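> Handing you a structure now.
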């Protein structure tokens, strides 16, 4: 009788754990698959003097978009898009001011599409994939993008060149110590400041993206910034969670998995003891 009770209790517990773990695993798989099928996309408007609407095919993504504005991140299905930028109120059937067909948006990527001026002053669209890889503890990533109607430039941090000879529409990136920095942009190989100085706070575990945009000829060169957070590297050997221990996930009825494991072990131990006791008594 006792053997049957303990065996049934252990089986019931194992079934509850298995039944709850399976949906959780399936949900995690679905979330991972969904993440692989979508992309995080931001849009920067870096064309001076033009308020615009932005379309992907016939779908409006952004309206009344002012120069120097960066959108909040958008979640878009992975795929290939025909992007069009219209003067505000003229889309989607009018003549786009800027367009680019066949822009690939990979699943799981973090990207920024920039409407800007080419080196010769013609408007264009350039997609950039943002680096979201982890950075070392105490470090920050700095990415510089040249999207201005201007010749090659050097980017300086605290008066020292950190990026040299950058041309439109290219980027350069580096990892540096986290903290405040004074940045400016000079014509390549000179001390002729064309943008800045600007005070940047490079947060630990972030990618701070700086865009040089506008037109040198028109004298309206500016900086725009974008910050991607959450790129910290966890200190080696130190688990996360509450009280210095990893936070356990919950099992049935909100009970932690480690507690269920202990209960299960107790049931199994008790069942084994019951069997041994029955055997001893049987021998007597």
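> Quick check on the stretch 196-214. Is at least one of its residues in a strand (DSSP E or B), surrounded by 19 or more Cβ atoms within 10 Å (Cβ to Cβ) and at pLDDT below 95? Even if it seems obvious, please write down each step before you answer.
First, pick out the residues of the stretch 196-214 that are in a strand (DSSP E or B): 196-202, 207-214.
Then keep just the ones that are surrounded by 19 or more Cβ atoms within 10 Å (Cβ to Cβ); that gives 196, 200, 202, 207-214.
With the extra rule that they be at pLDDT below 95, the set shrinks to 196.
Checked against the condition, which is being in a strand (DSSP E or B), surrounded by 19 or more Cβ atoms within 10 Å (Cβ to Cβ) and at pLDDT below 95, the stretch 196-214 yields at least one hit.
> Out of curiosity, is residue 171 within 20 Å of the chain's Cα centre (by Cα), farther than 30 Å from residue 151 by Cα and at pLDDT 95 or above? I'd like the intermediate steps shown before the answer.
Details: within 20 Å of the chain's Cα centre (by Cα): yes; farther than 30 Å from residue 151 by Cα: no; at pLDDT 95 or above: yes.
Considered against the rule, which asks whether it is within 20 Å of the chain's Cα centre (by Cα), farther than 30 Å from residue 151 by Cα and at pLDDT 95 or above, residue 171 comes out as no.
> If residue 95 meets every condition in (1) over 19 Å from residue 213 (Cβ atoms); (2) within 26 Å of the chain's Cα centre (by Cα) apart from one, which number is that one?
Checking residue 95 against (1) over 19 Å from residue 213 (Cβ atoms); (2) within 26 Å of the chain's Cα centre (by Cα), the one that fails is (2).
The values are calculated or read from the model by the stated rules, or taken from the named source; none is laboratory data. All values derive from a computational prediction rather than experimental measurement. All Cβ positions, even for glycine, are placed from backbone atoms using ideal geometry, and neighbour counts span all protein chains on display.
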